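What follows is a short report on a single structure.
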Amino acid sequence: MCGIAGYVGKKNAVEVVFDQLKRLEYRGYDSAGIAFPQNGGIGVLKRAGKLVNLESVLGQAPSDARYAIAHSRWATHGAPTDENAHPHFDEHEDVAVIHNGIIENYLELKEDLEKRGHVFRSQTDTEVAAHVIGHEYADGGPLEEAVRRAVKQFRGAYALVVISRREPGKIVAVRNASPLVIGLGKGENMLASDIPALLPYTREVLVMEENSIATLTDDTVAVTDGDGRELPFHPQHIDWDLASAERGGYEHFLLKEIHEQPHVIRQCQAGRFNEDGSVHLEGVFSEHVWMEIDRVNIIACGTAFHAGLMGKTLFEQMLRLPTDVYYSSEFRYGDPVLSPKSLAIFISQSGETADTLAALRLCKSKRIRTLGIVNVLGSSIARECDRTLYTQAGPEISVASTKAYTAQVIVLTLLAMYIAQIQEMPGVRLQDWAKALSNLSGLADEALKTECEVLEIAEKVQDMKLAFFLGRGADANLALEGALKLKEIAYVPTQESPAGEMKHGPLALVEPGVVAFFGATDPSVSDKIVSNIREVQARGGTVVAFTTEDETIVPRASDYVLRVPTSGEEFLSSLLTIIPMQLMAYHVARLRGCEIDQPRNLAKSVTVE
Ligand code: F6R
C-alpha cells in the first residue's frame, strides 16, 4: 500500500524518484506527488489519479534538485483528491512528509494541534503527522531528533519519509510495520518501499529494521533506534536480474508473470534436492521437531490463503497431519486453540501483509513454532518467523498474484515431502513425487500453449454476468483462486464453491448468461462433475471445463474444454489448471478493457488492516 521513493546524490533527483515511483505504482495509484528543494523552500507537485497526471506537470520541477521524495497513494484517510495526495507540509512548510500506513490516533493529535491554531488542508492522517513533526522541529533540530520525538506520539503502522528546508540534502526515514528499503550507492543514497524500485541504481540494499530511523545524505547513511542509539547494519547484495522487474516485451506484468511460471517452478526447486533425490530444505527445524509436530495451522490472506488450502489437502492426504487454514484477519482476533506442539505456517508473497504479520506475532507470543513461506527477501514476515523458506519466484509486480501462488504451492509440496521423508511415512512414493516435480516445469510450458484456445473462449464468454467456479478436492481449491483472479482483474462477479455444494443454494443463480468454470482433473470424481455440469446446462448456463489431456467424459459433457497435461501426481495436474484459469482472467479482463496490472481499489501489499 502506497509507494515511497527518495533520492539524494548528484543526479536529477526529480527524474530519479519519478522513475522509482513508476516501478512502485503497483503499490497504489489513487494519486501521486513529489517534493524537492526550490528557492530556499520546498516545492511540491501532486495530482489525483495515476502517475501520468503527475508526469504532465513534472516539467515545473527544477532539473537541478539533488534530493527529492515521492509517493504514490492507496487512499485510506480521505478521498483520492489533489489535496489529499502526498507529500504534506507542516504548519510553516518547514518539512514535507510522505507516508505509508495509518496513524491510528491522528484525530486526537489533530484536535490537539487545532487547539494550538494549526490549520489543515487535507483529511489525511499524514498531514497530521507532518504537523506533529513540524511542531517538534520548531523546538529544535536536527530533523532526525524531531522525527524521533514525533513518532513517540504516533500509534499505528507507518513508514514516514521527511525532508526539511532547513537541512538541505538530508532525508530522514522512519519505519514502523510498513516496509522501507535503503539503497546504498557511491556519492548517492536512496530509499523505496520495495527493492525493484532501487535495482536500476544499486544492488546494495539495507532493509530497515522495525522502529528504526535512518538519515541519508549523498555520502552517509546512519541508522538509529527509537532512543537514538546507532544500529549496526548489514547490507545485502541483490542479484535479481533487472529484466525480471520489467515488462520485457509483454503488454502487462500479469501476462509476463503468468508466462514466467515454468521458470519459477524450476527456480523454487533449485538447490532443494540432494543428489540421491531426497528433499533438502536449508535452515528449517531439526528432525526431532518435525517428529513432534501434531498439527499445522496455515495462516495467510487472499491468494496466499488459497495456496494454504492446497497445503492442507497435501498435508492431510500425504502425511495424515491435521491441518487448518485460517484467514490472517480472522486468526488474529479469533482466539484460536493452539497446541504447543503445533506448527504455524505463514504464507505471504510480500512478507509485509499487516494481518499476517500480526497473526505471526500472536503465535510468537504464545511460543508456537513459526515457519514463513515468503517471496520478498528480508521482509518482516521472513525475518520474524523462526524459520523461513523463500519461494524464489523473483519480483511479482502485477497487483494480482499469479506466479507467487504456484511457487507457494510448490514449496508446500517440497515441505510435505520433506516431512514424509523424516517421518518415514509408509506408502508415500517420494521418488514418484520428485520425478513429477522435476517434470512439472515442462508441463507448465505445455499448459501455457492453451492460450490461443483460452482467447477464443474468452471472446465467447466475455460478457458473462456471473461466473461460477467449481471443483472437487484439490480442484475446489483451484476454483477459489481462479474465481479471485477473474473477479479482481476483470470485475466479473463470481460464485465459487466445491461442486457438490452448488445444489445447496448457489444453483439458484444459474440462468442464461451465467458461465460455470469447472476444475475437473480427478478421474475418480469425473462422473460427479458431469452430473454437476448437466445441472448447470439444464438451467441455461454455459460450461467451461479445465481438465487433463487424459480425461474422457468431462470434455464430452462441456461446452468448452481446456486441457492441461497429466502429471504423474494428480495434485500437480490440478495445480497446472491454474495456468489456463489465470490466462482466462487475463484475456477476459483485456477484452473488457480493464486496467490489468492495477485493478481498481486494490494494491499489491496490504500493510494496513
Ligand atoms: C490476489 C492477491 C492478494 C494477495 C493477498 C496476500 O491476487 O494478490 O489476495 O494474495 O493480499 O498478500 P501477500 O501474499 O503479500 O501476503
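Restricting the search to the range 115-144, which residues are in contact with a Phe, Trp or Tyr (Cβ under 9 Å, 6 or more places away or on another chain) and closer than 20 Å to Arg229 by Cα? Residue satisfying the conditions is Leu143 alone. Only a single criterion out of (1) in contact (Cβ under 8 Å) with a residue 60 or more places away in the chain; (2) over 22 Å from Asp522 (Cβ atoms); (3) among the basic types (Lys, Arg) is not satisfied by Lys465, namely (1).
The set of residues in the range 264-278 that are within 16 Å of the ligand (Cβ to nearest atom) and either closer than 16 Å to Gly372 by Cβ or surrounded by fewer than 16 Cβ atoms within 10 Å (Cβ to Cβ) (or both) contains only Cys268.
Considering Lys46, Lys50, which residue is more than 17 Å from Phe154 (Cα to Cα) and within 24 Å of the chain's Cα centre (by Cα)? Lay out the reasoning, then the answer.
On the way: Lys46 fails: within 24 Å of the chain's Cα centre (by Cα).
Step by step, each of Lys46, Lys50 is checked, and only Lys50 is more than 17 Å from Phe154 (Cα to Cα) and within 24 Å of the chain's Cα centre (by Cα).
Listed here are the residues, each with its yes/no results for (1) more than 30 Å from Gln431 (Cβ to Cβ); (2) not aromatic (Phe, Trp, Tyr).
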site	(1), (2)
Thr542	yes, yes
Leu572	no, yes
Ile578	no, yes
Tyr586	yes, no
Leu591	yes, yes
Asp597	yes, yes
Asn601	yes, yes
Val606	yes, yes
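Here is a yes/no grid of residues against (1) assigned to a helix (DSSP H, G or I); (2) hydroxyl-bearing (Ser, Thr, Tyr); (3) within 22 Å of Pro426 (Cα to Cα); (4) in the same structural domain as Ala420 (by TED's automatic domain parsing):
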site: Trp290; (1), (2), (3), (4): yes, no, yes, yes
site: Ile298; (1), (2), (3), (4): no, no, no, yes
site: Gly308; (1), (2), (3), (4): yes, no, no, yes
site: Phe331; (1), (2), (3), (4): yes, no, no, yes
site: Val337; (1), (2), (3), (4): no, no, no, yes
site: Ile345; (1), (2), (3), (4): no, no, no, yes
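Residues of the range 317-329 that are within 16 Å of the ligand (Cβ to nearest atom) and in a strand (DSSP E or B): Val325, Tyr326, Tyr327. Among the residues of the range 463-476, at least one is touching a Pro at 6+ places or on another chain (Cβ under 7 Å), surrounded by fewer than 19 Cβ atoms within 10 Å (Cβ to Cβ) and farther than 15 Å from Leu309 by Cα. Within the set Ala467, Ala476, the sole residue that is of a type outside the set (Phe, Trp, Tyr) and either closer than 17 Å to Thr547 by Cβ or in a helix (DSSP H, G or I) (or both) turns out to be Ala476. Looking across the range 581-609 at every residue that is modelled with pLDDT of 95 or more, aliphatic (A, V, I, L, M) and more than 11 Å from Ala490 (Cβ to Cβ), the one that is farthest from the ligand (Cβ to nearest atom) is identified as Leu583. Residues that are away from the ligand (no atom under 16 Å from the Cβ) and of a type in the set (A, V, I, L, M, F, W, C) within the range 330-351 comprise Val337, Leu338, Leu343, listed in sequence order.
Out of Ala354, Ala400, one residue alone is under 21 Å from Ile578 (Cα atoms) and either within 13 Å of the ligand (Cβ to nearest atom) or modelled with pLDDT of 95 or more (or both). It is Ala400. Count of the range 56-78 residues, restricted to those that are surrounded by fewer than 20 Cβ atoms within 10 Å (Cβ to Cβ), of a type in the set (Gly, Ala, Ser) and touching a residue at least 40 places away in the same chain (Cβ under 8 Å), is 2.
Which of (1) more than 21 Å from Ala447 (Cα to Cα); (2) in contact with a Pro (Cβ under 8 Å, 6 or more places away or on another chain) is the odd one out, the single condition Phe546 does not satisfy? Result: Phe546 fails condition (1) only.
Every residue, every condition in (1) more than 16 Å from the ligand (Cβ to nearest atom); (2) in a helix (DSSP H, G or I); (3) not assigned by TED's automatic domain parsing to the domain that holds Arg272, yes or no:
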residue	(1), (2), (3)
Arg367	yes, no, no
Val376	no, no, no
Gly394	no, no, no
Val409	no, yes, no
Leu415	yes, yes, no
Gln421	yes, yes, no
Val428	yes, no, no
Trp433	yes, yes, no
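Quick one: which of Leu281, Leu314 is assigned to a loop (DSSP other than H, G, I, E, B) and either surrounded by 17 or more Cβ atoms within 10 Å (Cβ to Cβ) or more than 14 Å from the ligand (Cβ to nearest atom) (or both)? It is Leu281.
The values are calculated or read from the model by the stated rules, or taken from the named source; none is laboratory data. Predicted model only: the values in this text are computed from it and were never measured. Glycine also receives a Cβ, built like all others from the backbone with ideal geometry; neighbour counts cover every protein chain displayed.
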